[in-house]
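The values are calculated or read from the model by the stated rules, or taken from the named source; none is laboratory data. Since this is a predicted model, take the numbers as computed values, not measurements. With ideal geometry, Cβ positions are generated from the backbone for all residues, glycine too; neighbour counts draw on all protein chains shown. For accessibility, only protein heavy atoms count, side chains too; no ligands or nucleic acids. Shrake-Rupley method; radii C 1.70, N 1.55, O 1.52, S 1.80 Å.
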Amino acid sequence: CYILQIKDRHNGNIMIDIEGHISHIDFGFLLSNAPGKGFTMESAPFKLTQEWIDVLGGEQSKKFDDFRKRMAKGFSALQENAEKIIILVEMMLNGQSDLPCFIGGRNLIRELKERLFPGMRRLSPVETQQHVDNLIY
């Protein structure tokens, strides 16, 4: 959700299948468009509610610590595959620039790169964990 700026995340857009897997649906707002004609009150980089933290057992729990570590591992994987992600988004922008999610034009590519590479460089494992912790907190 953070990397692609997927917005409009609320309980009505979160589904749980019969095996307990969580799926997000309704990807009408991503990259550079948002509900409310661009007006947003969101200040967090992604939606992590207190209820989700409570389900993990609180900020001091082993499950929350595991969540933090998995987020960092996922961020590292995103950096490893960033070129593919960027190229796909660029191809979509060039081929369908009239879609609402591309309202930001070429700026959305720059912003995507900045999210993938904070400080415009690949992060070390320690820096990755620090960056992810900053996003979480």
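Sorting Phe67, Phe75 by accessible area puts them as Phe67, Phe75; the probe is 1.4 Å, largest comes first, and only protein heavy atoms count. For Lys73, the lysines whose Cα falls under 17 Å of its own Cα, not counting residues fewer than eight places away in the same chain, are Lys62, Lys63. Heavy-atom accessible surface of the range 60-137, averaged per residue, reaches 66 Å², computed with a 1.4 Å probe. Protein heavy-atom surface of the range 68-137, 1.4 angstrom probe: 57% of the accessible area is carbon and sulfur, with nucleic acids and ligands not counted. A Förster radius of 25 Å, combined with the Cβ-Cβ distance separating Leu78 from Ile103, puts the computed FRET efficiency at roughly 0.60. A 1.4 Å probe over all protein chains sorts Lys47, Lys84 by accessible area into Lys84, Lys47, starting with the largest.
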